[in-house]
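Note sheet for the following structure.
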Ligand code: NAD
């Protein structure tokens, strides 16, 4: 038996599809988050499948373990909200889904890049107000841009392909050089080369000690005038106050943000009829040359299906004592 927590309406069809394909497995689920209080609901299950931002606390893990459940499969990538010390002590086996659809995120980044260049937000607003004049909302063609990609992993590489499809010149920087991209001559030597040569700078690196706030006053100053900054990666990569200054001064032509430094508790919430909690974010949302999305780059039917199906596949492997496709190291 596999019990799934925090199942959303949009995940239900894929869960049911998986259950129908595995009649030997008793699948049950809830929309509840996994907490010390709800952990008992899984009683009798061999494993649990879950996805939440809420912490998996020592107490939550203990209640699960008391029910004899130590096989946990996440439907997402991040494991930083799991108390690994307790998980290790109690013998938990954990899996995640590190790759569910790089295309979903890359495609979103590409669409938003093209929208910024063609000033579609400003144009839509003008048209809605009844102003159907052309000027001054003139577009820049993607094929005339040099696009600098920082991070050539799963997502960065797909973004590169899409931007090349539009005809852009693509250059890239990564601490690890993919041999195929290396042979094709994409890599420049340094981040400074990216900043100096790119009309569009797009971030596709994880938030690590040496990437946090990599976009700041000093790196923005190194960029071309009228550059476009794209961040669909992690809010922490960007000093948002510095970006606001660069937008105010006209240094940046536009900013694409799908992730935000202070997004936890703000994104994926209905703020209608309530006081909006973040004045800086409100200001960014109001700007015609800033495209804000609430961490929805990943949110496609393709990606959600993969997150559900791959997590259940992993959990079944754990329950059957087989090697799961994507185990997580349970290390404090
Ligand atoms: P990946 O691991 O495949 O690629 C990351 C790349 O960054 C690697 O090639 C790595 O060598 C490179 N890198 C690491 N440190 C670097 C540094 N200091 N300088 C230059 N390059 C460095 O990851 P991915 O699947 O392509 O994901 C990239 C980012 O996208 C992640 O940060 C992830 O959090 C984010 N993401 C966002 C969404 C969304 O919905 N907005 C969804 C999934 C992932």
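Values quoted throughout were computed directly from the atomic coordinates according to the rules given, and no laboratory measurement underlies them. Predicted, not measured: the structure shown is a model, and the values here were computed from it. Here the Cβ is made from the backbone with ideal geometry for all residues, glycine too, and neighbour counts use every protein chain on show.
What about residue 303, is it within 15 Å of the ligand (Cβ to nearest atom), assigned to a helix (DSSP H, G or I) and either within 22 Å of the chain's Cα centre (by Cα) or without any contact (Cβ under 8 Å) to a residue 12 or more places away in the chain (or both)? It is true that residue 303 is within 15 Å of the ligand (Cβ to nearest atom), assigned to a helix (DSSP H, G or I) and either within 22 Å of the chain's Cα centre (by Cα) or without any contact (Cβ under 8 Å) to a residue 12 or more places away in the chain (or both). Name the residues in region 33-53 that are out of contact with any helix residue (DSSP H, G or I) (no Cβ under 9 Å at 6 or more places or on another chain) and either surrounded by fewer than 17 Cβ atoms within 10 Å (Cβ to Cβ) or farther than 22 Å from residue 15 by Cα (or both), would you? Those that are out of contact with any helix residue (DSSP H, G or I) (no Cβ under 9 Å at 6 or more places or on another chain) and either surrounded by fewer than 17 Cβ atoms within 10 Å (Cβ to Cβ) or farther than 22 Å from residue 15 by Cα (or both): 33, 43, 44, 52, 53. When restricted to residues that are under 23 Å from the mean Cα position of the chain (by Cα) and in a loop (DSSP other than H, G, I, E, B), region 236-269 contains 13. Selection within region 70-98: residues that are within 16 Å of the ligand (Cβ to nearest atom) and over 13 Å from residue 50 (Cβ atoms). The member of this set that is surrounded by the fewest Cβ atoms within 10 Å (Cβ to Cβ) is 80. Quick check on my filter: what residues within region 151-174 are in contact (Cβ under 8 Å) with a residue 40 or more places away in the chain and within 8 Å of the ligand (Cβ to nearest atom)? Answer for region 151-174, where residues must be in contact (Cβ under 8 Å) with a residue 40 or more places away in the chain and within 8 Å of the ligand (Cβ to nearest atom): 151, 152, 153, 154, 155, 156, 157.
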